[in-house]
Ligand code: CA
């Protein structure tokens, strides 16, 4: 059978099959429609993060043919940003968009699903989530809260942060007041810094007023949008504290289970797509904005000295040892994470890292 006749044959077969389906189709039921609410940990209308939540809701509505509509509330509009976990856990709200490290006080192991200092890149973290058991462990950690969760964005490698003084030795962290959440904050506390936790909308003001001396946020694109270059002149790299950071979509388990299987699949598929979209946005824009910060605003780009990174890495080990010795779930999650990291790092040495090193030849 040549190409043409094969195409014709397939076309006819399709037409016949289609007709058979139409004749044999069951009576049409009116599908139930759902109107859900989503709370976010981001300020209302925040670029990219809030935008990602809106795009997710639009995608879910489109893919479900309008059967699942989601109305979004920015942080503070319905509940304060840091109470969204509780609201969804109790089923007051169906879903939330945030970062699992905000919930470290409720479940210590939750922090691993956002970022781990000296941990894995976005590509490696996604490998752990989707193919290395990470996503299953996340469900285990959230099960006592009647929640399920999934990745919905990744920032890629972050920057080390904005400083008004140079970091030459690890001693420079002594007495430094810095905004740094998650495990990173615990690490610099060991180096003598004072961690001041500020939600996104307050960081700029706190930098300007000297409530904090330094702050880390995301990377050049998002940091530029936040205006941090107007509050500090040194911009440090690499972001050892968050070599990738995952944002999450968390859903009340009962609400999720009340959906038909097709709608559950729609949510999962939309979350996958957003995880890739946000990472792609950051990847495509970070260097453009980094150059703009340097060339148009005189920001000084600095690399942390090796001795500082080495000391921070050693403090990271202490933070992990302390946590895993007192919290069995953290021990279980970190064991899985570090084993996966060890394996993918060995592979990276002969793939990504080896490849990058030949580009300069
Ligand atoms: Ca960060």
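Could you grab me the full set of residues in the range 173-205 that are within 27 Å of residue 295 (Cβ to Cβ), out of contact with any strand residue (DSSP E or B) (no Cβ under 6 Å at 6 or more places or on another chain) and without any contact (Cβ under 8 Å) to a residue 40 or more places away in the chain?
Correct list: 204, 205.
Against the conditions (1) surrounded by 24 or more Cβ atoms within 10 Å (Cβ to Cβ); (2) more than 16 Å from the ligand (Cβ to nearest atom), where does residue 158 fall short? Just the number, please.
Going through the list (1) surrounded by 24 or more Cβ atoms within 10 Å (Cβ to Cβ); (2) more than 16 Å from the ligand (Cβ to nearest atom), residue 158 breaks only (2).
Are any of the residues in the range 103-111 crowded, with 19+ Cβ neighbours inside 10 Å, under 28 Å from residue 213 (Cβ atoms) and in contact (Cβ under 8 Å) with a residue 60 or more places away in the chain?
Scanning the range 103-111, I find at least one residue that is crowded, with 19+ Cβ neighbours inside 10 Å, under 28 Å from residue 213 (Cβ atoms) and in contact (Cβ under 8 Å) with a residue 60 or more places away in the chain, so the answer is yes.
Coordinate-derived values only; no laboratory data. Being a predicted model, the structure only gives us computed values, none of them experimental. FYI the Cβ positions are ideal-geometry reconstructions off the backbone, even for glycines, and counts take in every protein chain you see.
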